[in-house]
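*Asks:* What follows is a single structure, and I will ask about it in a moment.
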Amino acid sequence: MCQDCGCGDPEIVPVEVHQRLLSANDRVARHNRAHFVEHAVLALNLMGSPGSGKTAILEAMARAPGVNRKLAAVSGDLATDRDAERLRAAGIPAATITTGSACHLDAEMVHRALHDFALDGLDFFVIENVGNLVCPAIYDLGQALNVVALSTTEGEDKPLKYPVMFRNADAVLLTKIDLLPHLGGVCIRNFDDALARVMPEPRVFPVSARTGEGLDRWLQWLDEKRIRA
Amino acid sequence: MHEYSIVSSLLERVGAEARTHNAIAVHRLTIRIGAAAGVDPDLLSKAYEMFREGTLCAGAELCVQRVEEQWACPRCGRTIARGEILRCAECATPARLVSGDEIILEQIEMEVP
């Protein structure tokens, strides 16, 4: 009731909130993060365009010689189980989060999926996001690292067109480098230049999932991150 | 288009605040969106128009305050324009985003009986 003049009108009250609009998602993401940390698992949020090679990189990691790294993964997919099927065929325990029409994963979807995994004994847990360079960028899932797969065939200016995705990345996997000789002038230097304009500290790993080139540097970096985590 | 899911978070949050204050209606929402936040203010407003029907916000105006994207050197303070190499030309320190990534619910004006 209006307190000022006794007119009987309801009162209009300004309520100050000053909080992130995605604070409910952030809360669940913190819970996921605590879960990963408790089990000493390094969690990656792997993002990138459809067809950028996210699944192929994980398959290549599973076949990489040397250290036996224990990986598990969930794959966000609008309609199919195909990515998780490929990962399971490569020996990676994997499940699908079917998002229907949703264009990104959120922390709650990942939280539900985590109930199906035993994290004990794992080294890495990869959240393979829905193929999309826009929407997944703003949702914290509880990962330790954001990684973006960018393929050489997508075009050198993709980082400039989708700056938010790359700005939030801890590392960029420049994939399909075995195709560079066929791409008429496309070169790694131009990707590096574009990334330096959207990432203050760009960390780029040129790789080929097909030939295995560059995977050693990427895996060495991941191993170091895991030890420090 | 994640603007729909952001509006749905917004309406849930406003609903919770309104219940806490026993509000009978909401008159105005003020949110702040940065130019580098990855959210399109126009799409967000359109999504809000669609979703507010039948909620406490049905008659509430959505006021969007836009925030510019600004980068600077954290060491010497030099401003670095969007599109430049994000490293200070003077001291080579990696730039820092000073503003522009905000997605914030600032204020709710509600009607309390």
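The values are calculated or read from the model by the stated rules, or taken from the named source; none is laboratory data. These numbers were taken from a predicted model, which means no experiment stands behind them. Here Cβ is always computed from backbone atoms with ideal geometry, including for glycine, and neighbour counts include all displayed protein chains. Just so you know, the surface numbers come from the protein's heavy atoms only, side chains and all, with ligands and any DNA or RNA stripped out. Shrake-Rupley method; radii C 1.70, N 1.55, O 1.52, S 1.80 Å.
*Asks:* So for the protein assembly as shown, taking the charge dipole from beta-carbon charges (+1 Lys/Arg, -1 Asp/Glu), which of B:H27, A:A72, A:L141 sits furthest toward the positive end?
*Replies:* The residue sitting most towards the positive pole is A:A72.
*Asks:* Then there is this: Report, in debye and to the nearest 20, how large the dipole of chain A comes out about its Cα centre when Lys and Arg carry +1 and Asp and Glu carry -1 on their Cβ.
*Replies:* Numbers: 24 positive and 30 negative charges, 165 e Å.
With only Lys, Arg, Asp and Glu charged at Cβ, the dipole is about 800 debye.
*Asks:* Take chain A, connect every pair of alpha-carbon atoms lying under 10 Å apart with a spring to form a Gaussian network, then pick out the residue of A:T55, A:T96, A:T211 with the largest mean-square fluctuation.
*Replies:* Of A:T55, A:T96, A:T211, the most mobile in the Gaussian network model is A:T211.
*Asks:* Could you work out the Kirkwood radius for segment A:1-118, taking every pair of different alpha carbons, averaging 1/r and inverting it, reported in Å? It would help to have the intermediate numbers written out before the result.
*Replies:* Working: mean 1/r = 0.0572 Å⁻¹.
About 17.5 Å, per the Kirkwood formula over Cα pairs.
*Asks:* For chain B, what is the convex hull (Cα atoms) projected area averaged across all directions, in square nanometres? Show your work: numbers first, answer last.
*Replies:* Details: hull surface 33.0 nm².
Directional mean of the projected Cα hull area for chain B stands at 8.2 nm².
*Asks:* Would you check the accessible area of A:H111, probe 1.4 Å, heavy atoms only, in square angstrom rounded to 10?
*Replies:* Solvent-accessible area, nearest 10 Å²: 40 Å².
*Asks:* Give me the net charge for the shell around A:V186: Cβ to Cβ below 14 angstrom, other residues only, Lys and Arg +1, Asp and Glu -1.
*Replies:* Numbers: positive: A:K158, A:K176, A:R189; negative: A:E154, A:E156, A:D157, A:D178, A:D192, A:D193.
In short, -3.
*Asks:* Also, I was wondering about something else. How much of the DSSP bridge set in chain A is antiparallel, in percent, rounded to the nearest 5?
*Replies:* Details: 1 of 29 bridges.
Roughly 5 percent of the beta bridges in chain A run antiparallel, per DSSP.
*Asks:* Next question, about the same structure. For A:K70, what charge total do you get from the other residues with a beta carbon under 13 Å from its beta carbon, if Lys and Arg give +1 and Asp and Glu give -1? Show your work: numbers first, answer last.
*Replies:* On the way: positive: A:R69, A:R226; negative: A:D120, A:D123, A:D223.
Local net charge: -1.
*Asks:* Given the protein chains as shown and a 1.4 Å probe, how many square angstrom of A:D193 are accessible, to the nearest 10?
*Replies:* 70
*Asks:* Per DSSP H run of at least 4 residues, take -39500 (n - 2.57); add these up for chain A, divide by its residues and hand me the 222 nm value, nearest 500 deg cm²/dmol.
*Replies:* Working: 8 runs with 74 residues, N = 229.
Roughly -9000 deg cm²/dmol at 222 nm, from the helical runs in chain A.
*Asks:* Ok, one more. Work through the residues other than A:E224 whose Cβ is under 15 Å from its Cβ and net out their charges, Lys, Arg +1 and Asp, Glu -1. Mind dumping the intermediate values first?
*Replies:* On the way: positive: A:R69, A:R203, A:R217, A:K225, A:R226, A:R228; negative: A:D123, A:D170, A:D216, A:D223.
Taking every Cβ under 15 Å from that of A:E224, the sum is +2.
*Asks:* Taking a spot 7 Å from the Cα of B:Q107 along the direction of its beta carbon, which residues of segment B:31-46 have an amide N less than 13 Å from it?
*Replies:* B:31-32
*Asks:* Which values, in whole Å and largest first, are the semi-axes of the equivalent ellipsoid of chain A obtained as the square root of 5 times each eigenvalue of the Cα gyration tensor? Spell out each step's value before the answer.
*Replies:* Working: eigenvalues 273, 104, 52 Å².
Ellipsoid semi-axes (Å, largest first): 37, 23, 16.
*Asks:* Roughly how many nanometres apart are two label points built 7 Å out from the Cα toward the Cβ at B:C76 and B:S8?
*Replies:* Simple spin-label model gives 4.9 nm for this pair.
*Asks:* Something else now. Could you check the spin-label model distance between A:E201 and B:R96? Points 7 Å from the Cα along Cα→Cβ, value in nm.
*Replies:* According to this spin-label approximation, the distance is 1.2 nm.
*Asks:* How large is the translational diffusion coefficient of segment A:67-132 in µm² per second when you combine the Kirkwood radius over alpha carbon pairs with Stokes-Einstein at 4 °C and 1.567 mPa s?
*Replies:* Values: Rh = 12.1 Å.
The estimated diffusion coefficient comes to 107 µm²/s.
*Asks:* May I pose another question? To the nearest hundred square angstrom, how large is the accessible surface buried between A and B, total for both chains, probe 1.4 angstrom? Spell out each step's value before the answer.
*Replies:* Values: alone 11970 and 7070 Å², together 16180 Å².
Rounded to the nearest hundred, the buried surface is 2900 Å².
*Asks:* Which percentage, to the nearest 5, of the DSSP beta bridges contained in segment B:18-113 is antiparallel? Display every interim value, and only then the final one.
*Replies:* On the way: 14 of 21 bridges.
Looking only at bridges with both residues in segment B:18-113, the antiparallel portion is about 65 percent.
*Asks:* Put a dot 7 Å past each Cα toward the Cβ at A:D216 and A:E16; how far apart are the dots in nm?
*Replies:* Result for the modelled spin labels: 5.8 nm.
*Asks:* P(r) tail for segment A:133-229, what percent of Cα pairs lie past 17 Å? Each step should come with its number before you reach the end.
*Replies:* On the way: 2398 of 4656 pairs.
Result: 52 percent of Cα pairs exceed 17 Å.
*Asks:* Separate question: Find the relative contact order for segment A:1-151 and round it to a whole percent, using C-alpha pairs within less than 8 Å whose residues are 6+ positions apart. Could the numbers behind the result be given before it?
*Replies:* Numbers: 271 pairs, mean separation 57.3, N = 151.
The value is 38 percent.
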